[in-house]
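A.B. asks: Pasting a structure below so you can have a look.
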Amino acid sequence: MKIVKTVNEVREQVKQWKKQGYTIGFVPTMGYLHEGHQSLMEAARKENDKVVVSIFVNPMQFGPTEDLAQYPRDLERDSALCESIGVDLIFHPEPEEMYAPDFCSFVDMTGLTEGLCGKTRPIHFRGVCTVVSKLFHIVTPDRAYFGQKDGQQLAVIRRMVRDLNMDITIVGCPIIREADGLAKSSRNTYLSQEERTAALILSKTIALGKEMAKTQKDAATVIAAMKANIETEPLAKIDYVEAVDAFSMQPIDTFDRPAMIAMAVYIGKTRLIDNTLIED
């Protein structure tokens, strides 16, 4: 397994692989890898000849009051996990390699990015779309793998690829959870022991919503019950709980089409997200 830090090194290696007829699977990450990332890498390993993982904490998707400086980083640990799965190449650039000092070109989107996480993180998805677009141009993969835990992000990436005619297949992979139900996240490391227990209210509430939606088609009734359930946890503060169309990310009134119930909840100072898909 190689670890490279420059765009040219990635391009050179991928060109060599493509000359040999190899297919390329790509997993973009911000590092501090966990079992959720592992599931993406394993899927990529199974479906492609070569696997590239990027480890880059993208400053463009963090707001001025967000946790860029505190975001956990451990390249040695990440590299060991990647190697154990059979990753062929890690791309680990510095911010200066990805963004020139006078960088001024962005990939942006309307509609899908305005609700849910986009309400309280207004620059987030412009940063995501820009960096993922750049990584796609650098790595030129056949397939790229994203987790359903970031459900809005997955929908946004799929729409960007469609709208901009990118020749890449986007593969969505299921949410990976702890044994007690909490969705795997690098931000779980911020939680104290008491907060970690309190955070279970997210997955319990998601399960409640999914069960209710089997028989209750009125979205507002389901969302109201979910909010009431979260409010039973003193350490939890709701950012949003919403039901949206699974493709457009627009709010829905009735579960009469493929939908997603999504939430963001603060446990103490840590903002956690979770979601579930509701099939019509």
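A.B. asks: For residue 239, enumerate residues with amide H under 5 Å from its amide H, sequence gap 5+ or separate chain, H modeled in the peptide plane.
C.D. replies: Answer set, sorted by chain and number: 264, 265, 266.
A.B. asks: Then there's this: Nearest 5 is fine: what % of DSSP beta bridges in the chain come out antiparallel, could you say?
C.D. replies: Roughly 50 percent of the beta bridges in the chain run antiparallel, per DSSP.
A.B. asks: Work out the charge dipole of region 7-68 with +1 on the Cβ of Lys and Arg and -1 on the Cβ of Asp and Glu about the Cα centre, then indicate which of 34, 44, 63 is farthest towards its positive end.
C.D. replies: Going by the charge dipole, the pick is 44.
A.B. asks: Related question: Gaussian network model of the chain, Cα springs within a sub-10 Å range: biggest mean-square fluctuation belongs to which of 90, 175, 138?
C.D. replies: Of 90, 175, 138, the Gaussian network model singles out 138 as fluctuating most.
A.B. asks: Lys and Arg at +1, Asp and Glu at -1: add these up for the other residues within a Cβ distance under 15 Å of residue 261 and post the number.
C.D. replies: Value of the local net charge: -4.
A.B. asks: Right, next: Provide Rg over Rh for region 121-215; use the alpha carbon set for both Rg and the Kirkwood Rh (inverse mean inverse pair distance).
C.D. replies: 1.05
A.B. asks: Probe radius 1.4 Å, ligands and nucleic acids ignored: give me the carbon and sulfur share of the accessible area of the chain as a rounded percent. Walk me through the numbers on the way to the answer.
C.D. replies: Details: 6670 of 13320 Å².
Carbon with sulfur: 50 percent of the solvent-accessible area.
A.B. asks: Students often get this wrong, so check it: of 5/46; 46/217; 15/184; 50/269, which have C-alpha atoms separated by over 31 Å?
C.D. replies: Details: 5/46 25 Å; 46/217 38 Å; 15/184 34 Å; 50/269 39 Å.
Pairs exceeding the cut-off: 46/217; 15/184; 50/269.
A.B. asks: How would 158, 121, 126 rank on accessible area, largest to smallest, probe 1.4 Å? Intermediate results must be reported in sequence, preceding the final value.
C.D. replies: Details: 158 110, 121 30, 126 90 Å².
From most accessible down to least: 158, 126, 121.
A.B. asks: Using a Förster distance of 35 angstrom, determine the FRET efficiency expected from the C-beta separation of residue 108 and residue 12, and round it to 0.05.
C.D. replies: After rounding to 0.05, the efficiency reads 0.70.
A.B. asks: Where the only charges are on Cβ atoms (+1 Lys, Arg; -1 Asp, Glu), what is the dipole of the chain about its Cα centre, to the nearest 20 debye?
C.D. replies: 320 debye
A.B. asks: Let me ask something else. Amide H neighbours of residue 51 under 5 Å, counting only residues 5+ apart in sequence or on other chains, H built in-plane at 1.01 Å?
C.D. replies: 25, 88, 89
A.B. asks: For every helix of n ≥ 4 consecutive DSSP H residues, a contribution of -39,500 (n - 2.57) applies; sum these over the chain, divide by its total residues, and give [θ] at 222 nm rounded to the nearest 500 deg cm²/dmol.
C.D. replies: The helix-only estimate for the chain comes to -11000 deg cm²/dmol at 222 nm.
A.B. asks: Also, I was wondering about something else. Find the centroid of the Cα atoms in region 119-143 and in region 161-178, then give the distance between the two in whole Å.
C.D. replies: Between the Cα centres of region 119-143 and region 161-178 lies a distance of 12 Å.
A.B. asks: Let me ask something else. Once the other residues with Cβ under 9 Å from the Cβ of residue 26 are scored (Lys, Arg +1; Asp, Glu -1), what is the net sum? Walk me through the numbers before you get to the answer.
C.D. replies: On the way: positive: 143; negative: 142.
Residues near residue 26 contribute 0 overall.
A.B. asks: Where is the GNM fluctuation largest for the chain (alpha-carbon springs, 10 angstrom cutoff): 105, 192, 84?
C.D. replies: Result: 105 has the largest fluctuation of those listed.
A.B. asks: Quick query: amide H of residue 246 versus all other amide H atoms, modeled in the peptide plane; which residues come in under 5 Å with a sequence gap of 5 or more or a different chain?
C.D. replies: Under 5 Å from the amide H of residue 246: 259, 260.
A.B. asks: Turning to a different aspect of this structure: Using +1 on the beta carbon of Lys and Arg, -1 on that of Asp and Glu, and nothing else charged, what's the dipole of region 174-280 about the Cα centre, debye to 20?
C.D. replies: Computed charge dipole of region 174-280: roughly 320 debye.
A.B. asks: Quickly work out the residue 80-to-residue 46 label distance, labels modelled 7 Å from Cα along the C-beta direction, and quote it in nm with one decimal.
C.D. replies: Label-label distance for residue 46 and residue 80, simple model: 2.6 nm.
A.B. asks: On to the next question. Over region 167-280, what is the mean sequence separation of C-alpha contacts under 8 Å (at least six apart), divided by residue count, expressed as relative contact order in percent?
C.D. replies: Rounded, it is 24 percent for region 167-280.
A.B. asks: Here's another thing I want to ask about it. With a cut-off of 8 Å between alpha carbons and a minimum separation of six or more residues, what is the relative contact order of the chain in percent?
C.D. replies: 17 percent
A.B. asks: Compute the separation of the alpha-carbon centres of region 1-64 and region 210-280 and state it in Å as a whole number.
C.D. replies: Going from one Cα centre to the other spans 32 Å.
A.B. asks: Same structure, new question: How high is the relative contact order of region 40-127, in percent, counting Cα pairs under 8 Å that sit 6 or more residues apart? Please report the intermediate quantities before stating the final value.
C.D. replies: Details: 74 pairs, mean separation 36.6, N = 88.
Worked out over region 40-127, it gives 42 percent.
The values are calculated or read from the model by the stated rules, or taken from the named source; none is laboratory data. Just so it is clear, the model here is predicted, and its values are computed rather than measured. Neighbour counts run over all protein chains shown; Cβ positions are idealised from the backbone, glycine included. Note: areas computed on protein heavy atoms with side chains; ligands, DNA, RNA excluded. Shrake-Rupley method; radii C 1.70, N 1.55, O 1.52, S 1.80 Å.
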